[in-house]
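Everything below concerns the one structure shown next.
The values are calculated or read from the model by the stated rules, or taken from the named source; none is laboratory data. Just so it is clear, the structure is predicted and the values come from calculations on it, not from any experiment. Here the Cβ positions follow ideal geometry from the backbone for every residue, glycine too, while neighbour counts run over all protein chains shown.
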Amino acid sequence: MRKCLAILSLMGLVLLAACNEQPGEYVQITGYAQGGNYTVKLNMKGINVPVETVRDSIDALVVQIDSTLSGYNKKSLISRFNAGEKIPANPMFQDMYRIAYRLWERSGGALDFGAAPLYNAWGFGFKNSTFPTDEEIQELLAKSGMGHLPAELPVVDGYIDPAPMGYPSLNFNAIAQGYSCDIIAHYLYSIGAKDMLVDIGEIWCDGLNPSGQPWTVGIDRPIDRVPGAEVADPQLDGVWSSEGKPAGIVTSGNYRKFYIKNGRKYAHTINPRTGYPVEHNLLSATVVSSKNAAESDAVATWCMVLGLQAAQVLILGDPSLEGYLIYTSPDGSLQEWASPGFKVIKE
């Protein structure tokens, strides 16, 4: 389980997809994407669709997601929108935008999908960083953010045109991978699937694994790692059990993507209300949502913006959420907090 800022760039995935048989009626469908792999584990019992059709349908969905929502695909709809280009009023793009706008309102601006210029300025968006000055940050705050965008993007003759309004650029990284899991899970449910695990950087699972047990997911111990370096044997802080229930599970943390400048660590979590990377003792937030994986994805990032105490309040205030927070105590040791319904097995 991991939190990657970029939605996977999935072009070329179809040729590399594979379907591997598992014990019983389970299959595993995998594919390679720039930035990582995706995996779908599925019980085919009761499903009358050939497994090859399931694989091809998943491939088509991930390519559609990439061509619509990936900021790293220069020809995607979001990239074209950010370049000021008129784009077709695509249902997936519009759906994502509506979700993003509601989350911005709900979070009081802690989640801001119109703050892409800020993420770019710090080097955690779609462009290289130049390390912004305080004056540049203030300028970006004044002209970016969802507050400069409407609740519904206007559609004229079937197109959305950002140029006349001078809309700020968008960045859906805090929900795109979770949303991708939900799109694939929705397809699997539609063909009668009951036992599944969808892993596209973030995870949605339901039912039981091939051993007839609830799905389990490891929780990384948040130890700073050199960005881009491979970790052969990551340390786990514990293992979460789904108890066979449908759930999205996502971890967000500042231990994978950061940089050091002048002896100071700059983490990838930007507070869009201040324009600066967060500085608090919360190292990682693992969030489980019974609603969908996009919710888990968004709330995990939201927690990392808020910090420990406010994140606890957020999780405990929503019955559809459970959470596991890892933080540093005043003496520098790692400490954990789990909400009452978060089922974790300590290693």
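Here are the numbers for the structure shown:
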| quantity | calculated |
| --- | --- |
| Residues within region 162-184 that are among the aromatic types (Phe, Trp, Tyr), over 16 Å from Ser107 (Cβ atoms) and under 9 Å from the mean Cα position of the chain (by Cα), tallied | 1 |
| Residue within region 323-346 that is surrounded by fewer than 13 Cβ atoms within 10 Å (Cβ to Cβ) and touching a residue at least 60 places away in the same chain (Cβ under 8 Å) present | yes |
| Checklist (1) at pLDDT 95 or above; (2) farther than 22 Å from Gly244 by Cα applied to Ala338, failing item | (2) |
| Residue match in region 86-107 (condition: more than 18 Å from the chain's Cα centre (by Cα), among the small types (Gly, Ala, Ser) and under 18 Å from Pro272 (Cα atoms)) | no |
| Residues satisfying the stated conditions in region 141-194, i.e. touching a residue at least 24 places away in the same chain (Cβ under 8 Å) and among the aromatic types (Phe, Trp, Tyr) | Tyr159, Tyr167, Phe172, Tyr179, Tyr187 |
| Scope region 289-335; condition of a type outside the set (Ser, Thr, Tyr), at pLDDT below 95 and not in a strand (DSSP E or B); matching residues | Pro330, Asp331, Gly332 |
| Extreme residue, surrounded by the fewest Cβ atoms within 10 Å (Cβ to Cβ), among residues of region 47-81 that are of a type in the set (D, E, K, R) and in a helix (DSSP H, G or I) | Glu52 |
| Matching entry among Gly218, Gly192, Gly207, Gly212 (being under 19 Å from the mean Cα position of the chain (by Cα) and surrounded by fewer than 22 Cβ atoms within 10 Å (Cβ to Cβ)) | Gly218 |
| Options Tyr97, Tyr72, Tyr119; residue that is at pLDDT below 95 and closer than 29 Å to Ala185 by Cα | Tyr72 |
| Residue match in region 82-89 (condition: without any contact (Cβ under 8 Å) to a residue 24 or more places away in the chain and not in a loop (DSSP other than H, G, I, E, B)) | no |
| Residues of region 291-310 that turn out to be out of contact with any strand residue (DSSP E or B) (no Cβ under 6 Å at 6 or more places or on another chain) and either without any contact (Cβ under 8 Å) to a residue 40 or more places away in the chain or more than 21 Å from Ile223 (Cα to Cα) (or both), as a count | 5 |
| Unique match (being among the hydrophobic types (A, V, I, L, M, F, W, C) and touching a His at 6+ places or on another chain (Cβ under 8 Å)) among Phe113, Phe131, Phe124 | Phe124 |
| Hey, Val239 modelled with pLDDT of 95 or more and crowded, with 17+ Cβ neighbours inside 10 Å or not | no |
| Residue within region 265-279 that is assigned to a helix (DSSP H, G or I) and buried (at least 19 other Cβ atoms within 10 Å of the Cβ) present | no |
| Given (1) under 20 Å from Asp95 (Cβ atoms); (2) modelled with pLDDT of 50 or more; (3) touching a Ser or Thr at 6+ places or on another chain (Cβ under 8 Å), number of the condition Gly35 does not satisfy | (1) |
